[in-house]
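Novice: Dumping the structure here so I can ask a few things about it.
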């Protein structure tokens with residue numbers, strides 16, 4: 001289960017271990033399904049943390065020789 005107190009980096013490390021285990025093919029099907037579910041929960045938590053971070057980030061843009069703060073534009077904004 002995803003621990004909300006875990007850091008983003010710790011969640012990524014846990015996700016990597018889950019993926020490695022699933023890719024090895026050595027895990028029984030039922031355990032694989034549980035690991036897959038845990039992995040999707042971790043991914044959702046990481047996306048949530050990234051979105052929250054994007055809201056906090058501002059960029060400085062030079063306009064008419066002065067710098068102006070603007071909200072961060074993610075790659076999704078350009079899609």
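Novice: What are the residue pairs meeting all of these: first residue in the stretch 38-58, first residue at negative phi, second residue assigned to a loop (DSSP other than H, G, I, E, B), Cβ atoms under 6 Å, and 6 or more apart or on different chains?
Specialist: Every condition considered, the pairs that remain are 41/2; 42/2; 45/2; 54/72; 54/74; 57/72.
Novice: When you check residue 13 against the structure, is it assigned to a helix (DSSP H, G or I) and within 29 Å of residue 71 (Cβ to Cβ), yes or no?
Specialist: Here the answer is no, as residue 13 does not meet what is asked.
Each row is one residue, and each column tells you yes or no for (1) loosely packed, with under 14 Cβ neighbours inside 10 Å; (2) in a strand (DSSP E or B); (3) at pLDDT 75 or above.
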| residue | (1), (2), (3) |
| --- | --- |
| 4 | yes, no, no |
| 22 | no, no, yes |
| 30 | yes, no, yes |
| 44 | yes, no, yes |
| 50 | yes, no, yes |
| 59 | yes, yes, no |
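The values are calculated or read from the model by the stated rules, or taken from the named source; none is laboratory data. Every value quoted in this text rests on a predicted model; they were computed, and no experiment measured them. Cβ sites come from the backbone with ideal geometry, for glycine too, and all protein chains shown count toward neighbours.
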